[in-house]
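Peer 1: Handing you this structure, nothing more for now.
None of the figures in this text is laboratory data; all of them are computed from the coordinates on show. Bear in mind the structure is a predicted one, so any value in this text is a computation, not a measurement. Every residue, glycine among them, receives a Cβ derived from its backbone with ideal geometry; neighbour counts consider all protein chains shown.
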Amino acid sequence: MTLIFKIVPRSLWQTAIQEGRFKGAPVDLSDGFIHFSTADQVRETAQKHFVGQENLLLAAFDTDALGEELKWEPSRGGALFPHLYSDLDPASAVWVKELPLGKDGDHVFPELGK
């Protein structure tokens with residue numbers, strides 16, 4: 001199993017759970033796909049796009065479960081990032097954990113394994 005990660009505001013995730021689908025955050029909707037990061041990319045994603053933000057969650061997904069709608073495409077520095085070209089069932093998350101801010105202002109990541 002290969003895990004990829006989505007950083008998401010708690011309020012958007014709660015709405016997704018109630019509706020039974022996650023259409024994406026505003027940046028996802030604008031770009032036409034749901035942005036994910038690998039374990040090696042997710043900390044930089046947090047630093048680049050979520051600096052200082054509170055009430056965030058980190059959701060992990062199995063790449064195999066996302067099917068053919070998951071594409072690996074070049075982004076920052078030519079690195080391949082996972083992009084999902086469909087809505088996402090929040091129940092398909094392997095796990096969802098808090099992503100709090102530490103005293104230094106950086107997000108404190110949980111163990112990224114299963």
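Peer 1: Less than 10 Å Cβ to Cβ from Arg10, Lys/Arg counted +1 and Asp/Glu -1: what total charge do the surrounding residues give? Numbers along the way, then the final one.
Peer 2: Details: positive: none; negative: Glu54, Glu98.
Local charge sum for Arg10: -2.
Peer 1: For Lys103 and Asp62, compute 0.36 nm times the residue count separating them, minus their Cα-Cα distance, and round to one decimal in nm.
Peer 2: On the way: separation 41, 0.36 × 41 = 14.76 nm, distance 3.10 nm.
Between Lys103 and Asp62, full extension yields 11.7 nm more.
Peer 1: Given a Förster radius of 30 Å and the C-beta distance between Asp31 and Leu112 as r, what FRET efficiency does 1/(1 + (r/R0)^6) yield to the nearest 0.05? Don't skip to the end; give the middle numbers.
Peer 2: Working: r = 24 Å, r/R0 = 0.80.
Taking R0 as 30 Å, the efficiency between Asp31 and Leu112 is 0.80.
Peer 1: Next question. Taking amide hydrogens as modeled 1.01 Å from N in the peptide plane, which residues meet the under 5 Å criterion relative to Phe81, leaving out close sequence neighbours?
Peer 2: Glu73, Ser75
Peer 1: How big is the chain along each principal axis, measuring the range of its Cα positions in Å and listing the largest first?
Peer 2: The Cα atoms of the chain stretch 40, 36, 30 Å along their principal axes.
Peer 1: Given Cβ point charges of +1 (Lys, Arg) and -1 (Asp, Glu) and nothing else, what value in debye, to the nearest 20, does the dipole of the chain about its Cα centre take? List each step's numbers first, then the result.
Peer 2: On the way: 11 positive and 17 negative charges, 47 e Å.
Charge dipole, the chain, about its Cα centre: 220 debye, nearest 20.
Peer 1: Under a plain spin-label model, where a point goes 7 Å from the Cα along Cα-to-Cβ, how far apart in nm are Asp87 and Asn55?
Peer 2: 2.4 nm
Peer 1: For segment 68-114, which GluC sites (Glu not before Pro) pass both filters: DSSP loop (anything but H, G, I, E, B) and at most 16 other C-beta atoms within 10 Å? Provide the component values of the computation, followed by the final result.
Peer 2: Details: sites: Glu68, Glu69, Glu98, Glu111; in loops: Glu111.
Passing both the DSSP loop test and the Cβ count: Glu111.
Peer 1: List the chymotrypsin sites (Phe, Trp or Tyr not before Pro) in segment 58-114 that DSSP assigns to loop (not H, G, I, E or B) and whose Cβ has at most 13 other Cβ atoms within 10 Å. Which are they?
Peer 2: Taking segment 58-114 and a limit of 13 other Cβ atoms within 10 Å, the loop chymotrypsin sites (Phe, Trp or Tyr not before Pro) found are Tyr85.
Peer 1: Determine the relative contact order of the chain: mean sequence separation of Cα pairs under 8 Å and six or more apart, normalised by residue count, in whole percent. Before the final figure, lay out the partial values.
Peer 2: Numbers: 191 pairs, mean separation 38.8, N = 114.
Averaging sequence separation for qualifying contacts and normalising by length gives 34 percent for the chain.
Peer 1: Please sort by residue number the trypsin sites (Lys or Arg not before Pro) in segment 15-88 whose DSSP state is loop and whose Cβ has at most 12 other Cβ atoms within 10 Å.
Peer 2: Details: sites: Arg21, Lys23, Arg43, Lys48, Lys71, Arg76; in loops: Arg21, Lys23.
Taking segment 15-88 and a limit of 12 other Cβ atoms within 10 Å, no loop trypsin sites (Lys or Arg not before Pro) are found.
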